[in-house]
1. Can you list the trypsin sites (Lys or Arg not before Pro) in the range 11-73 that are in a DSSP coil and have 16 or fewer other beta carbons within 10 angstrom?
2. Report the extension gain between E88 and S255 in nm, rounded to one decimal, defined as 0.36 nm multiplied by the number of residues separating them, less their alpha carbon distance.
3. Before anything else, pin down the relative contact order of the range 1-158: Cα pairs under 8 Å, at least 6 apart, normalised by residue count, whole percent.
4. Restricting to DSSP H runs of at least four residues, report the calculated mean residue ellipticity at 222 nm for the chain, -39500 (n - 2.57) per run over all residues, nearest 500 deg cm²/dmol.
5. Taking the Cα centroid of the range 19-47 and of the range 54-73, what is the distance between the two, rounded to the nearest whole Å?
6. Just tell me which aspartates and glutamates come within less than 14 Å, Cα to Cα, of K260; anything on the same chain fewer than 8 places away is out.
7. Would you mind putting 114-120, 149-155, 256-262, 203-209 in packing order, based on average other-beta-carbon counts within 10 Å, highest first?
8. Straight-line reach only, C-alpha to C-alpha below 17 angstrom: list the lysines that K48 could link to, leaving out same-chain residues fewer than 8 apart.
Amino acid sequence: MTIPGLPTPVHSGKVRELYDAGDGLLVMVASDRMSAFDVVLPTAIPDKGRVLTALSLWWFDQLSDLVPNHVVSADVDEYPGVFRGRDELRGRSVLVRRLAMVPVECVARAYLSGSGTKQYRVDGAVCGVPLPAGLTEGSELPDTIFTPTTKATPPDHDAPMTYAEVEAAVGPEQAAELRKLTIEILDRGRRVCGPRGIILADTKVEWGVDAAGTLVLADEVLTPDSSRFWPAEEWQPGRAQPSYDKQPLRDWLESSGWDKKAPGPELPPEIVAATRERYVAAYERITGERFA
Ligand SMILES: Nc1ncnc(-c2cnn(Cc3cccc(F)c3)c2)c1Cl
């Protein structure tokens, strides 16, 4: 989504852009683009960017007693320069302070799934963390574990890191803080989501360091794009769990005969509507607030 009059993004993700706003500031923008099975689909999901931005901001606020964060403002009328008042950014962007990003994708897991299950089946461990025997896809773990990865540049994939490798990368003090805080964030997210019928299985957070050397929570936090959200009433270890937000889309794609190596197909209106509704429902159930 190139926005006229804005500079070229300093980073373009599958569904997001990052702009330099000068004076040590960045503008993060969440688009309505949807990706599935690692493919960006041609059909946008209306309001997806606004819902995920609102949810992330709500979590930053919920976590503000635990950790400082990079948010400066989410009011586009307060943004600097060419970003100020731009309607294309309203509700789907955040003005943040530029940090020195920690070179580790900080993942915490309370359930075994995806790449974690694959590692477990080979090693009986995930990122070097030994797990009990007898676990399967979707199993709840006895404790929340820290399972970091490298920050690979596409087309390379993020590679699992052992805790010793994190210590070598950032030093033992910061490694201990990354593990403790990342686990605490997932545990807090679970305490909010669980009673509302949503299993928060895992999450990925990104950390930066400010000029004072303090760890600051950056990027997005506890959204369906950075975490696995499962409907609790459908939890069944032993198979891939349905995704709270993506399942209607995944089911349709699988039934449509789409070849996952081919470009993504256009989505029928009812699948777009069902997907939008899942994002809005997740926001309203978690925050207890109506999505406007
Ligand atoms: N506060 C910060 N300071 C320095 N760097 C970052 C940073 C770099 N990359 N990313 C990931 C990303 C966030 C959004 C849109 C994208 F395209 C990519 C975040 C941040 Cl958030």
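Coordinate-derived values only; no laboratory data. What you see is a predicted model, and the numbers here were worked out from it, not measured in a lab. Note that we place each Cβ from the backbone using ideal geometry, even for glycine, and neighbour counts take in every protein chain shown.
1. Taking the range 11-73 and a limit of 16 other Cβ atoms within 10 Å, the loop trypsin sites (Lys or Arg not before Pro) found are K14.
2. 56.7 nm is the gain from fully extending E88 to S255.
3. About 17 percent, as a whole number.
4. -9000 deg cm²/dmol
5. The distance from the Cα centre of the range 19-47 to that of the range 54-73 comes to 19 Å.
6. Candidates past the 8-residue exclusion: D38, D251.
7. Most protected by this proxy first, the peptides run 203-209, 114-120, 149-155, 256-262.
8. Qualifying lysines at Cα under 17 Å: K14, K246.
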